[in-house]
Structure formats: structure tokens, C-alpha cells
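The values are calculated or read from the model by the stated rules, or taken from the named source; none is laboratory data. This one's a predicted model, so the numbers in the text were calculated from it and none came from an experiment. Cβ placement follows ideal geometry from the backbone for every residue including glycine, while neighbour counts extend to all protein chains displayed.
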Amino acid sequence: MKTLKGTPISSGIAIGSVFVKKIDTKAIEFTKADNTIEEKQRFHNSRNLAIEQVEGIYKEMLQTKGKEEAAIFEAHIEMLNDVEFISSVESTIETSACNAEWAIKTVRDSFVELFEALDDEYMRERAMDIKDISNRILKILSGNDSKDSFRFKQPVIVVADDLAPSDTAQMDPEFVLGIINETGGPTSHAAIIARMLGIPFVVCPDITSRVQMGQMLAFDGETGNIELEVTEQVHKEYEARQDAFRFKKGQLEQLRGTKAITVDGYEVALAGNIGAPQDADKVLQQDGSSIGLFRTEFLYMNRDTAPDEEEQFKAYKEVALKMEGNPVIIRTLDIGGDKEVNYLEIKKEDNPFLGYRAIRLCLDRISFWKVQLRALLRASKFGNIHIMYPMIVSMEELYQAKRILEEVKTELRNEGIEFKEAIPVGMMMETPAAALMADVFAQEVDFFSIGTNDLIQYTMAVDRMNGKVAHLYSQYDPAVLRFVKKIVESAHQNGIPAGICGEAAADEKLLPVWVGLGVDELSMSPVSILNTRGRIQGLIKSDCEELVTKILALKTSAEVEEYLKRV
């Protein structure tokens, strides 16, 4: 038996014949353009046709799947109309006197490199969207823009080297049993569409070189296991897994309308993380109770100028209205570090994660930040908005941030503009400094939200993108768990709630730990909400508290993880 281990992206079991799809590797060559005006016109003609094609996909998705699924391609249309993208291609044609194909490739590669270098997974995955729209234009220019690449007449497992969101959108779940792609992650749009369509999805590098067209294959979208030799025994085993998966899925659907309450009555609020107003639909679709983290930096990125007050107000108001009075925690601008915004003209730094970023930038550019605070306060009258400050490390920073918010409130009152006077204000707990001073900070804010991604990074002094030290980055490390314990205890001693909004919030092995520590809210990718609810409903808080005592006595992350596997 030959088994490969891939990264699970979309759950489900697939057994079937392989269809291999590889991108055209024909190199795009530089050609000297005799007439740059004609090359720019070729670019615009192909771009306009690309827009028509994507609009077609958008309308089809809107009619057959729904608004949430279609929103991905609405974003692609915006990218195709993006001023920076268009001007960059035109400028490259003009300055290099090159063919349109070379200019598009150059700009595509530049944008992709920028996004893939980001630490934030959501933003890294946007590189695939840039590839998708650019490659669509290039296919049109080459005359090779077939729309039926993924229309099948018999069921297959698609094995691809670089699957685009528009490729996935063409797929019919009746004929696409599963997808194995060489690139991507759980927040890629291709993965999101696969989950929406209920298609199992696994990422496995170099998979196209290990399989052949028509080969029988089986894989598990929950574990990432891929069976390259499907014997009779393997076939029976995977059929049994399919039945078990369908049964579990049916059970999860029955959890809609229920709450995440342990056997002995302890309730944990389950919220969703979002990066754009339309993402709130995903939280509601997955029966989330609230928005635990709205990352507002995505409103500022991939554009030439900052969003003005009115644009931001409309975005925040839209989410507040959609959530109908349920809490919406909106994190103020967390830019810098791995998130570059050219128009802010932030100088390159040797250690950007320790530098001019997040609240530090906002407190330095007060008039710029006040635009966001005004928009947030104005939107507060339309729902239950909470304001959250990122990366506070000192009491001086918190005092200054609160002082600026009060100044904005005074300005709005003087202008006769309504807002929610008692809007809750909280802070991210994501540094050792914040954790150690949690008892003091808790006296000054209305809630804590623990950002485990950064808390782990700063506690362990690890750049998780650095392969040499990435093994030290672990949410199971006792130091990290002890910090979480201190933060939660400090919050409760001062009568405020403490939630977790990092990736560890939905870690099944850690859920008993979070319950045992008394965490009030877990905010996660919307697709994890129902599964997390089911897991919590099977826990007993008193047992979880005993587990925490044992876990915190362990000395290494490996010991902690191994112990939790046995729970």
C-alpha cells in the first residue's frame, strides 16, 4: 500500500479515477513591441473579454449557488478593473517597449511575490486570485481560453498542479468526486468554493508526478491521507469512511440552532473571523453567534489610496446590520509587519514585526486613524459594534488610544452626528508584555481577545515562515498556555470576558483546554463553527479543569500534544 500525506482542506472521502490537469508551461517570452499603443489595446481588449467571462461565472454562481459563492468572482471583477493593476501593465508596456503578454506576466509575478511573502494566510492566498485573473487574460491573448476544461461526463478525482478559483467554480459535484492540488491552503478561494460545493480537497506537493490519467485513487479530506494503490481492502475501508462521514455531516447539521454548552452547563460563544463585509454571510450560514474578529486592514490593501470615512462607514454598517444586534468585534487597522501598503510610505525595516505597525502606526498618524474611528462610531448606531485595538504592549499606548477615541466622540457630538456612547472597547492580547500586565489592562477595557498566532510568535521568538525555526512555533507550548491562563484569569477577576481569535481557537485537541481555562468566546473560520459546537457539547467542564492542571504541569509542547491526543 502506498500512502501519501497531504494537507486536509475540505473534508470528505473520495474514491475514483484520476483526471490530471497541468497548467500550460509554455514560457512567455519578451518581444520588442513596435507599437506600444497597439499592445496596450491588445491588453485592454483581452481584459474586457476576461471581465465578460468572469461576469458570466458570477451570474451563474449567483443563480445556482448563492450570493456568498458569487462574491468571490465579484472580487475578481474588481481586480480586473483595479487601477493599480491596469496602470502597472500599461506602464510596463510603455517603459519596456514589450508585448502585452510579457507585461501581464511581469505585473502578475510582482503582485504574487508581494502577497505570498505576507505572514497572514488569508492574504497569502489572495496571490492565487491574482494568478487567476492574469492567466485568464493571457489565455485569451493566446487564443487558448476554453471554458470547458472541468466539465466531465463521468465521475473523476481532479489532480492539478495549480487550480484556480474559476476552475473550481466550473466543477459539478456530481462528476468531481474530489480535488488534490499541489498548492493552496484552507483560505484560498479554490478551497472555499470546494467546501461550499461539498467537494473533498487535499493539498499535496508534486502529486501530478506521482499519478497517471485514469489511475484509481482514494483520499480522505479530513486526514489528508492519499492512497495511490486502491486494493479491494482499501476500497472497502474508504467506502466505510464515506458512510461514517455522511452520518457525521448529518449530525452536525442537526446542531444548527443549538448552543455550544458543555454537559455540565458551561457555554462558550462561537464567533467567526472575517476580512470583508460579505464574509459575514459565511458566519451566518454556518450558524455563528457573532463576529469575533473583523480584520479591517483588508479594506486598506491592494489599492492606491486609503478608504475614506464614507467607504469604511458603509462597510462597518453593512456587517452590523447583517448581524442584527449580535456582537461585531472590529479590530482597528493592523497594518505593517507583513502587510505592506505602498501609499502609506512605510520605510523598510530590519525587523518589521517588532517595528512600526498596528497601533504604533495609528498613534503616530492620528488624523489618519481618526478617519477609521469616526466611521466605526458612526456605524455603531446600526448594531452591536465593539472596537478592538491591536498589539497594545503598554499602558501608555492604551491611554493614548482611549484619549483619541474620546476626542473623536467629542468631534461627532459637536457635529450633531449620532453614535453609541457606551460602545465597548477591548484589546488584542498578543504579546508577552500584554499577558504579564493583563491584570492591569483588564481594569481599563471591556474585553480581551487573545490572538494566538502572534502570541505564539512573540512568546517563542519564532518567525513561523522561517523553515529553520518553524518547528519551535507551537500552540501546545506550555509557555503559551500559561500566558492564556493568566490572561483569562485576569479578565474574569476584573469582570470582563476573554476570547480567542487566533487559529488555535478551532483546534480540536485544545478545545478541552480552552473550556477548562474558562474561555468565554472562540472565534474561528466560519466552516469550523458547527464542528466545534458539537465537540464542546460532548465535554464536561469539571473534567476539562482537571485536564488543564495536568497539562500545565508538563514541560514540552510535544508532551502536551501527545497527552491531548489521548483525551
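Overview of results
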{"read-out": "Unmet requirement for residue 227, which otherwise passes all of (1) touching a strand residue (DSSP E or B) at 6+ places or on another chain (Cβ under 7 Å); (2) at positive phi", "value": "(2)"}
{"read-out": "Count - residues of segment 504-545 that are among the acidic types (Asp, Glu) and either touching a residue at least 60 places away in the same chain (Cβ under 8 Å) or in contact with a strand residue (DSSP E or B) (Cβ under 7 Å, 6 or more places away or on another chain) (or both)", "value": "2"}
{"read-out": "Selection within segment 276-300 - at pLDDT below 85 and touching a helix residue (DSSP H, G or I) at 6+ places or on another chain (Cβ under 7 Å)", "value": "276, 278, 282"}
{"read-out": "Selection within segment 167-176 - surrounded by 23 or more Cβ atoms within 10 Å (Cβ to Cβ) and within 22 Å of residue 205 (Cβ to Cβ)", "value": "168, 176"}
{"read-out": "Residue check, residue 89 in contact (Cβ under 8 Å) with a residue 40 or more places away in the chain and under 28 Å from residue 59 (Cβ atoms)", "value": "yes"}
{"read-out": "Residue match in segment 426-445 (condition: of a type in the set (Phe, Trp, Tyr) and touching a helix residue (DSSP H, G or I) at 6+ places or on another chain (Cβ under 6 Å))", "value": "no"}
{"read-out": "First in segment 156-176 and within 18 Å of residue 131 (Cβ to Cβ), second anywhere and at pLDDT 90 or above, Cβ under 6 Å, 6 or more apart", "value": "158/19; 158/176; 158/179; 160/181; 161/182; 161/208; 163/181"}
{"read-out": "Residue 477 of a type in the set (D, E, K, R), over 17 Å from residue 559 (Cβ atoms) and touching a residue at least 40 places away in the same chain (Cβ under 8 Å)", "value": "no"}
{"read-out": "Every pair of residues 6+ apart whose Cβ atoms lie under 6 Å, when the first sits in segment 269-290 and is touching a residue at least 60 places away in the same chain (Cβ under 8 Å) and part of a helix (DSSP H, G or I) while the second is crowded, with 23+ Cβ neighbours inside 10 Å and not basic (Lys, Arg)", "value": "282/526; 283/272; 283/526"}
{"read-out": "Among residues of segment 421-442, those that are surrounded by 17 or more Cβ atoms within 10 Å (Cβ to Cβ) and assigned to a loop (DSSP other than H, G, I, E, B), counted", "value": "6"}
{"read-out": "Qualifying residue in segment 190-199 (condition: outside the structural domain of residue 525 (by TED's automatic domain parsing), exposed (fewer than 14 other Cβ atoms within 10 Å of the Cβ) and under 30 Å from residue 541 (Cα atoms))", "value": "no"}
{"read-out": "Filtered residue count, segment 353-364, keeping only those that are over 23 Å from residue 424 (Cα atoms) and either among the small types (Gly, Ala, Ser) or modelled with pLDDT under 80 (or both)", "value": "2"}
{"read-out": "Criterion (surrounded by fewer than 16 Cβ atoms within 10 Å (Cβ to Cβ), part of a loop (DSSP other than H, G, I, E, B) and at pLDDT below 95) met by exactly one of 350, 334", "value": "350"}
{"read-out": "Odd one out for residue 304, checked against (1) out of contact with any Asp or Glu (no Cβ under 6 Å at 6 or more places or on another chain); (2) touching a residue at least 60 places away in the same chain (Cβ under 8 Å)", "value": "(1)"}
{"read-out": "Among (1) within 25 Å of residue 506 (Cα to Cα); (2) touching a Gly at 6+ places or on another chain (Cβ under 8 Å) - the single one residue 217 does not satisfy", "value": "(1)"}
{"read-out": "Sole exception among (1) part of a helix (DSSP H, G or I); (2) in contact (Cβ under 8 Å) with a residue 60 or more places away in the chain for residue 377, by number", "value": "(2)"}
{"read-out": "Some residue of segment 365-375 being in the same structural domain as residue 388 (by TED's automatic domain parsing), in contact with a helix residue (DSSP H, G or I) (Cβ under 8 Å, 6 or more places away or on another chain), surrounded by 15 or more Cβ atoms within 10 Å (Cβ to Cβ) and modelled with pLDDT under 95", "value": "no"}
{"read-out": "Positions within segment 537-551 being assigned to a loop (DSSP other than H, G, I, E, B), surrounded by fewer than 18 Cβ atoms within 10 Å (Cβ to Cβ) and under 30 Å from the mean Cα position of the chain (by Cα), in sequence order", "value": "538"}
